[in-house]
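We did not get these values from a lab; they are worked out from the coordinates using the rules stated. Source: prediction; values computed, not measured. All Cβ positions, glycine included, derive from the backbone under ideal geometry; neighbour counts span all protein chains shown.
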């Protein structure tokens, strides 16, 4: 029996909230203490098809794709609504996902920034024209793709949604959103804001929650879906590519990472250590795709770094995200807890444990999925914990002799999402940045993302780019309209010659 005081989130299809064909509901619990946060409809394939049909109908029978003024106004209003919601929406993000409240607040604001940025671009989606000859020209138009499926992960549910949704809407597409089943609530609250935005026709935005193997698969392979934007792990991204291949659909994939932070002796040592450990995303228990979970340290500063890392990682305050003193939250679920602890046990065999390496169960922590921030030292380049994405608060420290070896180690994984270089020598920093096979390289900082600057991965970290102008163009098709001008005088001359 469902308690009346607990909220239930439902599908949003064609402008209507309903359970659709669903007969089951999901229980969403706080990973910090196991308490029930809300219920959510567990959708079916039929619901996914209904959402796609609603999106297709709205795309074809409204002026959304042609009305850039309405799109811009809508996105500006959404940005304002999202920004105004931070005080009540951020706690929901924390309760469903575990991250510290300050991080949730920053996530809400980052989502608003993305909406505002793409609102400005909605009326500036330029193509170009080319003079091909005396009587020929080409007009190259950027047009919306059509129906876009946006499938998002649980770790940054709101900001990773707006990162794709804002440019998709700015370009004039209709969308079907499927959030992760572990964290759909904050997304549903954001959908309510969309529902209350009159400039957005009903059916342009739709929302369903359900299993990836059924609902998610349908949102990829359905013939009316023209594009899939997915953020998540690499193995799922590969499966999406396989499913999308039959329909030759566009895909935009932001996948896993094993990002290196590279520390040289000439860096500002204290700042570099703090930044590198922050870059490991301990604050969200390491559950961030760009997390700098490999720290490469030049040999001469290795011992000093390890001592400082032991001290700083060991002193981080672990606890529930709603506690303002918390610096490290829980992992998302019991399954993730087991997965991370298995990697920790592997790490104990492959390398030297410096600090952490255990589940925390003292007092109230016993109710949640808490793991102590963990640092391994003397990790071989080919070690499992140095090669695979753990998605937990686990860092591997490796050493290098020189710039050449640093680049080789940095590139020695299948991933290429992000990297960082810490040095006072800008020439060395830029040389190394150019050699690292990664979509983003930070210098003397880590993790800074901006809506007007592109991000994305090399190798198995993904396809396409998010944010910036390229992020907008991902959600468009380029059409070439060729014009041959009729010149009567030329025809007369040809006639005379004949």
* Any chance you could run the full-extension gain for residue 131 through residue 214? It's 0.36 nm times the residue separation minus the Cα-Cα distance, nm to one decimal. => 25.0 nm
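Explain nothing, just the number: relative contact order of the chain, from Cα pairs under 8 Å at least 6 residues apart, as a whole percent. Write out the running numbers ahead of the final one.
Details: 1151 pairs, mean separation 88.5, N = 498.
Relative contact order of the chain: 18 percent.
Would you mind getting me the FRET efficiency between residue 317 and residue 482? Use the beta-carbon distance for r and R0 = 51 Å, nearest 0.05. Walk me through the numbers before you get to the answer.
Details: r = 64 Å, r/R0 = 1.26.
With R0 = 51 Å, the Cβ-Cβ based efficiency is 0.20.
How much length would be gained if the chain were fully extended between residue 245 and residue 345, taking 0.36 nm per residue of separation minus their Cα-Cα distance, in nm to one decimal? Display every interim value, and only then the final one.
On the way: separation 100, 0.36 × 100 = 36.00 nm, distance 3.83 nm.
Length difference between fully extended and current span is 32.2 nm.
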* To do: Among DSSP beta bridges lying fully in region 1-75, give the percent that are antiparallel, nearest 5.
  => 80 percent
* To do: Starting from the Cα of residue 35, step 7 Å toward the Cβ, then list every residue of region 81-104 with an amide N under 12 Å from that point.
  => 92, 95-96
* Structure fact -> 1/(1 + (r/R0)^6) with r = Cβ-Cβ of residue 402 and residue 88, R0 = 56 Å, i.e. FRET efficiency to nearest 0.05, evaluates to 0.60
* To do: Calculate the radius of gyration of the Cα atoms of region 260-443 to one decimal place, then report Dmax, the largest Cα-Cα distance, as a whole number, both in Å.
  => 15.8, 51
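Using just the Cα positions, wrap region 405-487 in a convex hull and report its mean projected area in square nanometres, one decimal place.
Working: hull surface 34.9 nm².
The number I arrive at for region 405-487 is 8.7 nm².
Only Cα pairs under 8 Å and at least 6 apart count here; give the relative contact order of region 260-443 as a rounded whole percent.
27 percent
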* **Alpha-carbon Rg/Rh ratio, for the chain, with Rh computed the Kirkwood way** => 1.03
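Within 10 Å, count the other beta carbons around each residue, average over each peptide in 57-69, 34-46, and list them highest first.
Working: 57-69: 16.3, 34-46: 18.7.
Top to bottom by mean Cβ count within 10 Å: 34-46, 57-69.
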* Within region 119-148: backbone nitrogen closer than 15 Å to the residue 66 label point (7 Å, Cα to C-beta) -> 143-144
* **Highest average packing first - 271-277, 320-326, Cβ atoms within 10 Å** => 271-277, 320-326
* Structure fact -> Taking a crude spin-label model, label points 7 Å out from Cα along the C-beta direction, the residue 5 to residue 307 distance in nm is 5.4 nm
* Structure fact -> Simple spin-label estimate for residue 274/residue 412, 7 Å along Cα→Cβ, in nm, reads 3.1 nm
* Asked: Relative to the longest principal Cα axis of the chain, at what angle does helix 101-121 sit, 0 to 90 degrees, rounded to 10?
  -> 20 degrees
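Sorting 17, 442, 88 on the 10 Å Cβ count, fewest up front, what's the list?
By the 10 Å Cβ count, ascending: 88, 17, 442.
Suppose R0 equals 60 Å; then what is the FRET efficiency for residue 300 and residue 489 from their Cβ-Cβ distance, rounded to the nearest 0.05? Walk me through the numbers on the way to the answer.
Values: r = 79 Å, r/R0 = 1.31.
Taking R0 as 60 Å, the efficiency between residue 300 and residue 489 is 0.15.
Order 251-263, 202-214 from most to least packed using the mean count of other Cβ atoms within 10 Å.
Listed from highest to lowest mean packing, they are 251-263, 202-214.
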* **MRE, 222 nm, helices only [DSSP H, n ≥ 4, -39500 (n - 2.57), over the chain, to nearest 500]** => -11500 deg cm²/dmol
